[in-house]
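As structure tokens, the structure follows; a few thoughts come after it.
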Amino acid sequence: QVQLVESGGGLVQPGGSLRLSCAASGSIFSINAMGWYRQAPGKQREYVAIITSGGNTNYADFVKGRFTISRDNAKNTVYLQMDALKPEDTAVYYCYAYIRDRTRVAASPYWGKGTLVTVSS
């Protein structure tokens, strides 16, 4: 059984910062890409950022220069440093990862349950 658990969400003022974390646990053989999506109220879930096992990163245009994704492979954890936050960044942030668990021969996508980020004065 593999689980992803996010933490670090909360209420922050416009222009502020938050750091999200997502830890993978369970019967993990290996982790490939890890990343983040978000879903604002009344909107579809949208891609935010991804980081490969080798450390290559990619970002959605609307977060470039403000958000930074990183990972600690020893801790099976991915982070999202969010700076210069805007009210439109308000959303539930979900982490995902392509994980090969010890009972399978191929990696599968796993999702966390999400953490709420609210940007408001």
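For this structure, a couple of remarks:
- Listed conditions (1) of a type outside the set (Asp, Glu); (2) in a strand (DSSP E or B); (3) open to solvent by less than 20 Å² (accessible area, probe 1.4 Å) are all met by Tyr79, apart from (3).
- Just so you know, in the range 88-117 the residues that are among the charged types (D, E, K, R) and open to solvent by 20 Å² or more (accessible area, probe 1.4 Å) include one that is nearest to Ser27 (Cα to Cα), and it is Arg102.
- Complete set of residues in the range 56-76 that are more than 19 Å from Leu4 (Cβ to Cβ) and open to solvent by 50 Å² or more (accessible area, probe 1.4 Å): Asn56, Asn58, Asp61, Phe62, Lys64, Gly65, Thr68
- Residue match in the range 23-32 (condition: in contact with a Cys (Cβ under 6 Å, 6 or more places away or on another chain) and open to solvent by less than 60 Å² (accessible area, probe 1.4 Å)): no
- Scanning the range 33-55 for residues that are open to solvent by less than 70 Å² (accessible area, probe 1.4 Å), in contact (Cβ under 8 Å) with a residue 24 or more places away in the chain and not hydroxyl-bearing (Ser, Thr, Tyr) yields Ala33, Met34, Gly35, Trp36, Arg38, Gln39, Ala40, Val48, Ala49, Ile51.
- Scope the range 76-107; condition polar (S, T, N, Q), farther than 25 Å from Gln13 by Cα and at pLDDT 95 or above; matching residues: Asn76, Thr77
The values are calculated or read from the model by the stated rules, or taken from the named source; none is laboratory data. Please read these numbers as outputs of a predicted model, since none were measured by experiment. Cβ coordinates were reconstructed from backbone atoms using ideal geometry, including for glycine residues, and neighbour counts include every protein chain displayed. What goes into the accessible areas is simple: the full protein's heavy atoms, side chains included, and nothing from ligands, DNA or RNA. Shrake-Rupley method; radii C 1.70, N 1.55, O 1.52, S 1.80 Å.
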